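Working notes, structure below.
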Amino acid sequence: MIENARHKREMRIRRDSVIKRSPIVMLDIGSSKIAAMIVQFMAPENMEQAGHSFRILASLEMVSQGVRYGEVATMVQFQKDIMRILQNVQRAAGIKIDYAAVCFSGGRPESFGATGEVAVESGEVTENDIARAMLACEFPILPDGREFIHALPINFTLDHNTGLDDPRGQIGARLAVDMHLLAVDSSTVHNLEQAIRSTDIELVSLTTSPFMTGLAVLTEDEMKRGAAVIDFGAMTTSVSVFYAGQLMYVKNIRIGGYHVTSDISQALGISFQMAERLKNLHGGVEATAQDDRETIDLSDGSETEFQERRTITRTELIGIIRPRLEEIFEEVLSLLTEAGLDEIPSQRFVVAGGASQIAGLEGLAERFLRQRVRMGRTIKLAGASAQQTTAGFGAVSGLAVHTAKPKDEMWDFVNPNSGRSLLNMRSIFSWFKENW
């Protein structure tokens, strides 16, 4: 943990230095695609004029042959894919990029909670008091091959006053902190870092795509009152929960839009490419009487005069698609129940992600979740085109917001050189379950 905290602190210091002088490329390593966006961070005097502290110079999205489930599957191919998208997006922007911020959808994210309490040394809370409270937390011992990618303070309590975002400068005797710890596979992190280094681009930020998607699609009110984001990717579907303006929970399942397409391909005996086309053009989840009469041609133009043309009705196609989507929502409900988060106060769910564009998905989600659901729309950033606000660019848009103003984390307060041990067992999500 100490070495991990030191690495995160160094990366944060590097980001703070770079953001003032150089554009940064945002990379989202999705289940099967890579999205890139070059962002220029602007001087303070231009922030109000632009509406944001940055503007988009160029963006690009492409399929990656070297990534599966948001993780590196073939290092050589993945390095080629990264190099290719970086070359193309730099060419589109007309500039050279030396720094990258990266988010990824894999790594099997898992959330934990930790709580620490200390006496305030001088009567007024300082950063040193916050650091000591964090060091007093009982952190879970992770198995080999896992590491913390985030250590986020989600609540401070000063004496009997709880729900504090930032207690610095306030007067009190005892300070407590509740933290959200997000763990991922170390191999996923190390493989991504190695691939980025091979392109001679320096990494200044590394985080998870579900977190970033939430920042891109949730309103400020939703983040405060509580909302869950269901992020449909090609091979994974992620759930992230926000409350009181903080990220509270992240986990994913390894089922997504790819599996819907695979079901169509196998059921109809057609190519994966044709199945993807059918899903995008004719897919849905609600069949009507008109769908029984709407026929879809399955021929690919290669039939001879002795072969019959094949057709199906749209109702038949929906009958293939719907069971897999129902399975995904059942798994999502299972995750929320397992974490004790199945009763969100605001009754709000937001569906996002590149694989969420199936007609009728919003209504199906409402019936399964028994709560209000809306389709997530990516925030429009300064300089963004219509394409850059589509679902495929949600995570990189959130990554730009996060890079401009990252959430406070443990390594912003604690000096890793202190050598204090942080490894004690703590039950998962106790504070969250007690205070939700």
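The values are calculated or read from the model by the stated rules, or taken from the named source; none is laboratory data. Everything numeric in this text was worked out from a predicted model, so none of it was measured. Backbone-built Cβ (ideal geometry, glycine too); neighbour counts: all protein chains shown. Accessible surface areas use protein heavy atoms only, side chains included; no ligands, DNA or RNA. Shrake-Rupley method; radii C 1.70, N 1.55, O 1.52, S 1.80 Å.
The single condition among (1) assigned to a helix (DSSP H, G or I); (2) open to solvent by 60 Å² or more (accessible area, probe 1.4 Å) that Glu286 does not satisfy is (1). Pairs linking a residue in the range 286-315 that is among the acidic types (Asp, Glu) to a residue that is open to solvent by 60 Å² or more (accessible area, probe 1.4 Å) and modelled with pLDDT of 85 or more, with Cβ atoms under 8 Å and 6 or more positions apart or on different chains, are Asp297/Thr311. The number of residues in the range 121-155 that are assigned to a strand (DSSP E or B) and open to solvent by 10 Å² or more (accessible area, probe 1.4 Å) comes to 5.
In the range 196-221, the residues that are under 15 Å from Asp98 (Cα atoms) form Cβ pairs under 6 Å with partners that are hydrophobic (A, V, I, L, M, F, W, C) and part of a helix (DSSP H, G or I), at six or more places apart or across chains, as follows: Thr199/Ile82; Thr199/Met83; Thr199/Leu86; Leu203/Ile196; Val204/Val18. Annotation note: Cβ proximity below 9 Å between a residue of the range 160-171 that is in contact (Cβ under 8 Å) with a residue 12 or more places away in the chain and a residue that is among the polar types (S, T, N, Q) and in a loop (DSSP other than H, G, I, E, B) (sequence gap 6+ or interchain) occurs for Arg168/Thr126; Gly169/Thr126. A search for C-beta distances below 6 Å between a residue of the range 349-362 that is closer than 14 Å to Ile318 by Cα and any residue that is open to solvent by 40 Å² or more (accessible area, probe 1.4 Å) and not in a strand (DSSP E or B), counting only pairs 6+ apart in sequence or on different chains, returns Gly360/Glu286. Taking the range 26-54 as the range and being modelled with pLDDT of 85 or more and charged (D, E, K, R) as the test, the residues that pass are Asp28, Lys33. Here Asp221 meets each of (1) open to solvent by less than 20 Å² (accessible area, probe 1.4 Å); (2) more than 13 Å from the chain's Cα centre (by Cα) with one exception, condition (1). For Leu422, are the conditions met, namely being modelled with pLDDT under 60 and either under 22 Å from the mean Cα position of the chain (by Cα) or open to solvent by less than 20 Å² (accessible area, probe 1.4 Å) (or both)? Here the answer is yes, as Leu422 does meet what is asked.
Looking at Ile56, is it of a type in the set (Val, Ile, Thr), open to solvent by less than 60 Å² (accessible area, probe 1.4 Å) and within 22 Å of Met212 (Cα to Cα)? Criteria met by Ile56.
Residue under question is Glu71, and the condition is that it be touching a residue at least 40 places away in the same chain (Cβ under 8 Å), within 19 Å of Thr207 (Cβ to Cβ) and charged (D, E, K, R); does it hold?
Numbers: touching a residue at least 40 places away in the same chain (Cβ under 8 Å): yes; within 19 Å of Thr207 (Cβ to Cβ): yes; charged (D, E, K, R): yes.
Against the criterion (touching a residue at least 40 places away in the same chain (Cβ under 8 Å), within 19 Å of Thr207 (Cβ to Cβ) and charged (D, E, K, R)), Glu71 qualifies.
Of the residues making up the range 90-109, those that are more than 22 Å from the chain's Cα centre (by Cα) and not acidic (Asp, Glu) are Gln90, Arg91, Ala92, Ala93, Gly94, Ile95, Lys96, Ile97. Residues in the range 156-198 that are more than 30 Å from Arg84 (Cα to Cα), surrounded by fewer than 20 Cβ atoms within 10 Å (Cβ to Cβ) and among the small types (Gly, Ala, Ser): Gly163, Gly169, Gly172, Ala173.
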